[in-house]
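Asks: The following block contains the structure, expressed as structure tokens.
The values are calculated or read from the model by the stated rules, or taken from the named source; none is laboratory data. Computed from a predicted model, the values in this text were never measured in an experiment. Cβ: placed from backbone, ideal geometry, glycine included. Neighbour counts: every protein chain shown. These accessible areas exclude ligands, DNA and RNA; they are computed on the full protein's heavy atoms, side chains included. Shrake-Rupley method; radii C 1.70, N 1.55, O 1.52, S 1.80 Å.
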Amino acid sequence: MKTPIQFRLNGEEVATFVEGGANLLDTLRESVGDLSVKGGCWQGTCGTCTVLIDGVPRLSCVTLAETCAGHSVETVAGLRRGADLHPLQSAFMERFAAQCGYCTPGMLMAAKALLDKNPNPTRENVVDAICGNICRCTGYEPIINAVLDAARSDSRRRA
Amino acid sequence: MLEFRKDIFADERDDNLKEVGQPTQRQDMLGHVTGTSPYYDDHRFANLLHLKILRSPHAHARIRSIDDAAAARAPGVKRIIRAADVPVNLNTLLSLIQFGKDDEPSLATDVVRYKGEPILGIVATSERAALEAMALVRVSYDQLPAVFDVEEAMKPGAPSVNAAYPKNTFEYYNKYDHQKLRYGDADAAFAQADIVLDERYQMSPIEHAPTETNGSIAVPDTNGRFIVYTSTQALFFSLDTSAKINAMPSNQLHFIGGTVGGGFGGKVDTLTEPLAILAARLTGSPVRYRLSRHEEMQFGSPRGGERIFIKDGIMRDGRIVARTVRAYFDSGAYTRLSSYAVVKCAAHIPGPYTIPNVSADVFCVFTNRTPATAMRGFGVTALDFALECQMDKGATAVGMDPLEFRMLNAYRDGDMKAHRREAKNCALIECAQVAAEKANWALRDEFRRMSSRQGGGAARAGAAADRSRAPAPAAPSHAPASTPQRVSYERPTPAAAPPRPAPPAPPPRSAMPPPAASPAGSTHGAPRFSSVFGTRRR
Amino acid sequence: MTINVKTFPRLADAASALSQERGARFLAGGTLVMRAVNEADPSIETIVRSTDPSFVNISVSSGRVELGAGVTMAAILAERELSFLHPVARAVGGPAVREAATVGGNLFAPSPYGDFAAALLALDATVMLAGGVGQRELPLDEFLSRRDRGAVLVSSVAFKRPASDAFRFVKVTRVHPKGISVLSISAQLPTASGRVSGARIAYGAMGPAPVRAKAAERALEGRTLDSAGVAPALAVAHDGTAPHDDAIASAWWRREILPIHLRRLLLGEHPPRHS
């Protein structure tokens, strides 16, 4: 017996049916068709699947999909505004903050959660914000620098 | 960003580098930051089936019986895949270049040789259904004695791990149980040395743990062809291996990949594609075989642990006069790429140092561990760790600065290497000098004045005498004359070689003068740094 | 097998379902249960949830704190009155885990997880159980000794507010700023005239469940928190511990470093974030 759920994904209403026990990661990828979310462990330990639910970072692989009914979910697919990249996306590009790219969607969402609440983070704030996201390629420094750059460029734009 | 020290070897450069040293954006960076880079699993198919593998819980056991009847009837199960279903159920990756015997089954037949070895495949409408069916399979085992230590595995009476190599060592040229290097007389040199340093180094196996696990999706296409989306680092390896195991012509396979969510060598073994394709053939549906994180750790190949013994004979003035290396690569239960790791290791000994007496024996050993494979400079990185720890200990033993100790012993142009090739285009001394400068590490004047281009050649102990004993260049230097196993890597002499085709003209760039004629006839800017195109002296 | 998800507005009904439904497991944050579901754990057939507001309620009065079992680590970090617990909550996972991990879930987390439960043990917490014959309250250490038996639903935990600055915590990990515990130490060190009176010390990852270091507590009674004063406690630091080998650390290593970190904690030597 499947359960219908409806929620806002990147600003748009989506609806689907889920099996009992379905996690949000598989629901987004397999049912809704948002392939921008990636899965690394399905154990809640690597952070690759990080999305925002009501603005707060969550691990979609260990989130029961039906708990999102009526809530707002954000993924990487919703970051850019039309042709314009989000400042975080531009900063990641400029700082070479991705190599294989697989952790990147999760990293971007974790960073967005930080900047949306704290537009002027310290380096320590950034490290804490991404400490739940594993990267096997970059050594994290380029990612930390990219997030700080994005914060600075954002504040310049708003100034 | 990058600092170029073009003052070093300035007379050898024609300085026509256009791309090196300039930051260039990755062609897939935009895809990465927008979440649109297409990893193998970023494709959706109607009626996708899921392949899960039942694996051995034991390190070494005989399979007495498998009862999969209940699993075959379980809800959602479309097909059970047994060992007998695999068309060619024995392979080794490097059989593609005729190196090594087929030793590894896709699905175990009578014996399991490591914890995690695949035994049975279950194809179902969901991963959950496959896992629930798997719980219904009954396998009975007779456990066998297991061996986990490389030296234990080589003792007489040790459990025999790999049926193709019953003595637990890979065979080179169908005859030798190790790779051997001999140069000069190390034993005699030890007797003359002031200090003898004999040490043992042990690595742990290392798991690549890429963020994306190994996986593939095989999709039936028209006319008996299959499209395979895969995480592999090695599309051609994987395609050809899959064709062999499935006994199908390779032109029936279309492999799509190249977007790898982290590989580091852990996605070269073609772990999932052959059975995914077989499952697609047997069911007529697209099939995904994706390793769970637990499987990636247990079944995905690690870089095998290496045990390395290094014995150095050192004179009081700091010269290393003898080095012997005995190294054991833990290949786990099957060969995968460890046979090649051993060759690389042997080729790397004794490190970038001129040592007149060198002896090395390097073994590829089978144990009941997860089969080991490539990882980030495998064959060399662990050896380098051991060699450089040894160099530090040597420096301490003679009371010398560790950087100066290395510079003293470093190759110089014209030295004879233990592999009977003349050292050329050496640059270790210059690298050490720049590193010292950057680290504010004081070097004595004599060492700040050293050069790779001075002091080498016949002046270095043993070089002249041994050069006269060097075999003719045409024969591989370490193979017996009667049965060369593989093609020599020696380049043909200039008279016999076909003319090298001119490289394609570089794409037009703004306001760049054409490169001046390069020194020594090479077409690249810095022959010292190009091992492929640099001049070779015989 | 399909899984049934049942959500109850009242916690008591959730508790009933937990004991009546076959293969029932209570879902709070999901870090433990959803992982098991993803791995097709056959023992889970029914997921039981509750939307009861009391489940996520934080109540802080002058003397007493009561935390609903569904209160997340993030909610604790957002509560200024609970600042003494912030080092503990911050050490649980990264930001996303903290938004899901709950007080109640931590009580069931197997070693080497469960640092928040260890902190509650040092705070002499009691556990409120829902269902059965109304609410039942029992001391946390008694609860921990029988947490693997039967289906119980924790509705809240409660403890007396510690004296200001009397609560200390350190988590020893290999990965900073967050990582799985090699071990953790929570300590409540009230003093009277500069001497310890009624200390409570609890360890995480030094046994199958968080454990009180009662011998060390007794050895600290009446002592000053200086080198000489803490020495007797260090001598019996290991009493009651039974660490094991896991992927994070060996039992031997945990035993070796325990007295070192206990000493630093008692002397106030730990740097604020790292260990």
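Asks: Condition first: over 21 Å from B:F255 (Cβ atoms), touching a Lys or Arg at 6+ places or on another chain (Cβ under 9 Å) and either open to solvent by 40 Å² or more (accessible area, probe 1.4 Å) or in a helix (DSSP H, G or I) (or both). Now tell me which residues in region B:34-48 satisfy that.
Replies: B:T34
Asks: Tell me which of these B:V219 doesn't satisfy, since it passes every other one: (1) crowded, with 18+ Cβ neighbours inside 10 Å; (2) under 21 Å from B:E296 (Cβ atoms).
Replies: That leaves (2) as the condition not met.
Asks: Looking at B:V260, B:V228, which is the one that is within 14 Å of chain A (Cβ to nearest Cβ) and touching a residue at least 24 places away in the same chain (Cβ under 8 Å)?
Replies: From the options B:V260, B:V228, the qualifying one is B:V260.
Asks: For region C:82-95, enumerate the residues that are open to solvent by 10 Å² or more (accessible area, probe 1.4 Å) and not aliphatic (A, V, I, L, M).
Replies: Selection gives C:S83, C:F84, C:H86, C:P87, C:R90, C:G93, C:P95.
Asks: Determine if region C:160-171 includes at least one residue that is on the phi > 0 side of the Ramachandran plot, among the charged types (D, E, K, R) and in a loop (DSSP other than H, G, I, E, B).
Replies: There is at least one residue in region C:160-171 that is on the phi > 0 side of the Ramachandran plot, among the charged types (D, E, K, R) and in a loop (DSSP other than H, G, I, E, B).
Asks: Follow-up. Does any residue of region C:239-253 turn out to be outside the structural domain of C:G114 (by TED's automatic domain parsing), among the acidic types (D, E) and either assigned to a helix (DSSP H, G or I) or within 30 Å of C:S61 (Cα to Cα) (or both)?
Replies: no
Asks: Look at region A:97-131 and say how many of its residues are in a loop (DSSP other than H, G, I, E, B), in contact with a His (Cβ under 7 Å, 6 or more places away or on another chain) and at negative phi.
Replies: Result for region A:97-131: 1.
Asks: Same structure again: Please specify each residue of region A:43-70 satisfying the condition of being assigned to a helix (DSSP H, G or I) and either within 7 Å of another protein chain (Cβ to nearest Cβ) or over 20 Å from C:V37 (Cα atoms) (or both).
Replies: Within region A:43-70, A:C61, A:V62, A:E66 qualify.
Asks: Name every residue in region C:209-238 that is within 21 Å of C:D124 (Cα to Cα) and outside any loop (DSSP other than H, G, I, E, B), in order of residue number.
Replies: Correct list: C:V211, C:R212, C:K214, C:A215, C:A216, C:E217, C:R218, C:A219, C:L220, C:A233.
Asks: Going by the conditions given, is C:P110 part of a loop (DSSP other than H, G, I, E, B), under 15 Å from the mean Cα position of the chain (by Cα) and in contact (Cβ under 8 Å) with a residue 60 or more places away in the chain?
Replies: yes
Per-residue answers, yes or no, for (1) farther than 19 Å from C:L11 by Cβ; (2) modelled with pLDDT under 95; (3) assigned to a loop (DSSP other than H, G, I, E, B):
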position: C:V37; (1), (2), (3): yes, no, no
position: C:D41; (1), (2), (3): yes, no, yes
position: C:V48; (1), (2), (3): no, no, no
position: C:S59; (1), (2), (3): no, no, no
position: C:A74; (1), (2), (3): yes, no, no
position: C:L120; (1), (2), (3): yes, no, no
position: C:V127; (1), (2), (3): no, no, no
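Asks: Return the only residue of B:A427, B:A386, B:A418, B:A435 being of a type in the set (A, V, I, L, M, F, W, C), touching a Ser or Thr at 6+ places or on another chain (Cβ under 6 Å) and at negative phi.
Replies: After ruling out the rest, the residue left standing is B:A427.
Asks: State whether one or more residues within region C:63-82 are in contact with an Asp or Glu (Cβ under 6 Å, 6 or more places away or on another chain) and farther than 23 Å from A:R58 by Cα.
Replies: Taking every residue of region C:63-82 in turn, none turns out to be in contact with an Asp or Glu (Cβ under 6 Å, 6 or more places away or on another chain) and farther than 23 Å from A:R58 by Cα.
Asks: Further question on the same structure: Out of region B:9-29, which residues are surrounded by fewer than 15 Cβ atoms within 10 Å (Cβ to Cβ) and either of a type in the set (S, T, N, Q) or within 14 Å of another protein chain (Cβ to nearest Cβ) (or both)?
Replies: Correct list: B:Q22, B:P23, B:T24, B:Q25, B:R26, B:Q27.
Asks: Show the residue pairs meeting these rules: Cβ distance below 7 Å; 6+ apart or different chains; first residue within region A:3-15 and away from every other protein chain (no Cβ under 14 Å) and closer than 12 Å to A:C68 by Cβ; second residue open to solvent by less than 50 Å² (accessible area, probe 1.4 Å) and of a type in the set (S, T, N, Q).
Replies: Filtered contacts from region A:3-15: A:R8/A:S72.
Asks: Select from region C:49-76 the residues that are surrounded by fewer than 17 Cβ atoms within 10 Å (Cβ to Cβ) and within 14 Å of chain A (Cβ to nearest Cβ) and list them in ascending order.
Replies: Residue satisfying the conditions is C:T51 alone.
Asks: If the Cβ limit is 6 Å and pairs must be 6+ apart or interchain, which residue in region B:166-181 that is in contact (Cβ under 8 Å) with a residue 24 or more places away in the chain pairs with which residue that is assigned to a loop (DSSP other than H, G, I, E, B) and among the aromatic types (F, W, Y)?
Replies: B:N168/B:F366
Asks: To continue, here is another question. B:V88 passes all but one of (1) of a type outside the set (G, A, S); (2) open to solvent by less than 50 Å² (accessible area, probe 1.4 Å); (3) out of contact with any helix residue (DSSP H, G or I) (no Cβ under 6 Å at 6 or more places or on another chain); which number fails?
Replies: (3)
Asks: Any idea which of C:E39, C:E79 is within 12 Å of chain A (Cβ to nearest Cβ) and open to solvent by 20 Å² or more (accessible area, probe 1.4 Å)?
Replies: C:E39
Asks: Next up: Considering only region A:71-86, state which residues are more than 9 Å from chain B (Cβ to nearest Cβ), open to solvent by 10 Å² or more (accessible area, probe 1.4 Å) and closer than 26 Å to C:V97 by Cβ.
Replies: Once the filter is applied, which keeps residues that are more than 9 Å from chain B (Cβ to nearest Cβ), open to solvent by 10 Å² or more (accessible area, probe 1.4 Å) and closer than 26 Å to C:V97 by Cβ, region A:71-86 yields A:H71, A:S72, A:E74, A:G78.
Asks: B:P210 is checked against (1) within 14 Å of chain A (Cβ to nearest Cβ); (2) open to solvent by less than 10 Å² (accessible area, probe 1.4 Å); (3) part of a strand (DSSP E or B) and fails just one. What number does that condition carry?
Replies: Of everything listed in (1) within 14 Å of chain A (Cβ to nearest Cβ); (2) open to solvent by less than 10 Å² (accessible area, probe 1.4 Å); (3) part of a strand (DSSP E or B), B:P210 misses just condition (3).
Asks: Separate question: Can you name the residue in region C:196-227 that is β-branched (V, I, T) and buried (at least 21 other Cβ atoms within 10 Å of the Cβ) and, of all such residues, is nearest to the chain's Cα centre (by Cα)?
Replies: Taking the candidates together, the pick is C:V211.
Asks: Moving on. Just the residues that are touching a Gly at 6+ places or on another chain (Cβ under 7 Å) and crowded, with 24+ Cβ neighbours inside 10 Å, please, taken from region B:308-322.
Replies: The answer is B:D312, B:I314, B:I320, B:A322.
Asks: Does A:R123 satisfy being open to solvent by 10 Å² or more (accessible area, probe 1.4 Å), free of Cβ contacts under 8 Å to residues at least 40 places away in the same chain and more than 8 Å from every other protein chain (Cβ to nearest Cβ)?
Replies: When the stated conditions are applied, A:R123 passes them.
Asks: OK, next. Suppose we keep only residues that are crowded, with 23+ Cβ neighbours inside 10 Å and over 20 Å from A:G40 (Cα atoms) within region A:90-111. Which one would you say is nearest to the other protein chains (Cβ to nearest Cβ)?
Replies: Restricting to residues being crowded, with 23+ Cβ neighbours inside 10 Å and over 20 Å from A:G40 (Cα atoms), the top hit is A:F92.
Asks: Condition test on B:V325, is it more than 17 Å from B:A386 (Cβ to Cβ) and surrounded by 20 or more Cβ atoms within 10 Å (Cβ to Cβ)?
Replies: no
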